[in-house]
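Let me begin by presenting the structure, written as structure tokens, before commenting on it.
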Amino acid sequence: MARMKFLCDAERCIECNGCVTACKQEHDIPWGVNRRRVVTINDGVPGERSISVACMHCSDAPCMAVCPVDCFYRTEEGIVLHDKDLCIGCGYCFYACPFGAPQFPQAGAFGVRGKMDKCTFCAGGPEANNSDAEYKKYGRNRLAEGKLPACAEMCATKALLGGDSDVLSDIYRERVTNRAARGTPSMPPWGWDTAYGRPEAPKQPAAPPGGAKS
Amino acid sequence: MIKQAILAMAAIAVAVGVAACGERPQVIEYKQGKYQGKPDTPPYDAAPFSGNKTEWERAVKTRNQSQNEYKRIS
């Protein structure tokens with residue numbers, strides 16, 4: 001298996017917020033915390049586009065780099081998770097994240113900021129798989145049940161895909177080919193360059209020594 | 001009598017001497033840039049897969065392919 005990724009196809013998203021609802025329901029997310037949300041660009045203007053946004057589980061996650069207590073870790077499937085017992089709720093990860101994924105529950109009369117909460121790719125956290133402790137802190141661990149994230153599996157138009165990056169790439173490639181056959185252009189998958197980087201350009205062979213200078 | 005007192009004192013001395021041996025460090029040894037939290041187990045570790053990685057990968061791959069409607073509806 002390669003690594004787990006999300007892919008949002010802006011050509012298909014109809015802004016139904018089904019992914020947001022599925023996530024909220026699956027993990028009992030409290031009021032005010034949105035692990036996933038739908039962002040619409042040029043709302044109301046012809047050609048508007050909607051994108052479902054959550055933690056993209058970046059290859060080189062900036063939240064991991066800035067965390068002062070080093071509570072983030074990456075699983076062997078490439079999912080970025082964190083230990084809530086260590087988190088101090090400082091909010092550095094929120095400033096570092098290009099997707100605005102980290103969420104902070106506001107609890108108490110003085111708006112005290114709680115421990116960070118974010119999308120877990122439905123993979124729970126550092127507690128025993130499918131235990132009560134894991135559910136209370138991180139939500140349901142669907143991955144341990146052999147399932148994929150609820151948001152992606154619930155998406156009616158299959159705009160949001162989640163899972164093994166090789167399979168996602170194959171699915172998206174097939175869509176792009178079909179659209180091209182109909183004369184509809186496709187955009188590159190939103191956020192992939194930011195989250196996973198661009199593929200490295202092939203290196204040019206070095207110029208032979210003593211060659212002509214221009 | 002004296003022998004018993006010496007033995008009792010020796011027992012107390014030993015008990016006091018090793019009292020701290022069972023105490024675990026309360027503070028995390030901080031290493032910059034290294035994950036400091038609890039270790040996590042892989043998703044296929046617990047039931048229903050009980051450590052069978054191949055079976056888990058097959059299950060996830062099947063779910064993954066069901067997201068491709070070009071293959072699902074044919």
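The values are calculated or read from the model by the stated rules, or taken from the named source; none is laboratory data. What you see is a predicted model, and the numbers here were worked out from it, not measured in a lab. Glycine gets a Cβ as well: all are built from the backbone with ideal geometry, and neighbour counts include every protein chain shown.
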Before we move on, is A:GLY78 out of contact with any Pro (no Cβ under 6 Å at 6 or more places or on another chain) and either more than 25 Å from A:ALA144 (Cβ to Cβ) or modelled with pLDDT of 95 or more (or both)? no
Consider only pairs whose beta carbons are under 8 Å apart and that are at least six residues apart or on different chains; among these, list those whose first residue lies in the range B:1-29 and is under 28 Å from A:ASP85 (Cβ atoms) and whose second residue is at pLDDT 80 or above and not in a helix (DSSP H, G or I). B:ILE28/B:GLN36
Considering only residues that are over 17 Å from A:LEU168 (Cβ atoms), facing another protein chain (nearest Cβ under 7 Å) and in a helix (DSSP H, G or I), which ones fall in the range B:40-58? B:TRP56
Name the residues in the range A:135-152 that are of a type in the set (D, E, K, R) and touching a helix residue (DSSP H, G or I) at 6+ places or on another chain (Cβ under 7 Å), would you? A:ARG140, A:ARG142, A:LYS147
Which of (1) surrounded by fewer than 20 Cβ atoms within 10 Å (Cβ to Cβ); (2) modelled with pLDDT under 95; (3) closer than 27 Å to A:ILE171 by Cα is the odd one out, the single condition A:VAL39 does not satisfy? (2)
The residue that is nearest to the chain's Cα centre (by Cα), considering only those in the range A:123-163 that are surrounded by fewer than 22 Cβ atoms within 10 Å (Cβ to Cβ), hydrophobic (A, V, I, L, M, F, W, C) and within 21 Å of B:THR62 (Cβ to Cβ), is A:MET154
Candidate set: the range A:153-172, residues that are hydrophobic (A, V, I, L, M, F, W, C), touching a helix residue (DSSP H, G or I) at 6+ places or on another chain (Cβ under 7 Å) and more than 7 Å from chain B (Cβ to nearest Cβ); chosen: the one nearest to A:MET56 (Cα to Cα): A:LEU160
Would you tally the residues in the range A:9-19 being in contact with a strand residue (DSSP E or B) (Cβ under 6 Å, 6 or more places away or on another chain) and in contact (Cβ under 8 Å) with a residue 24 or more places away in the chain? 4
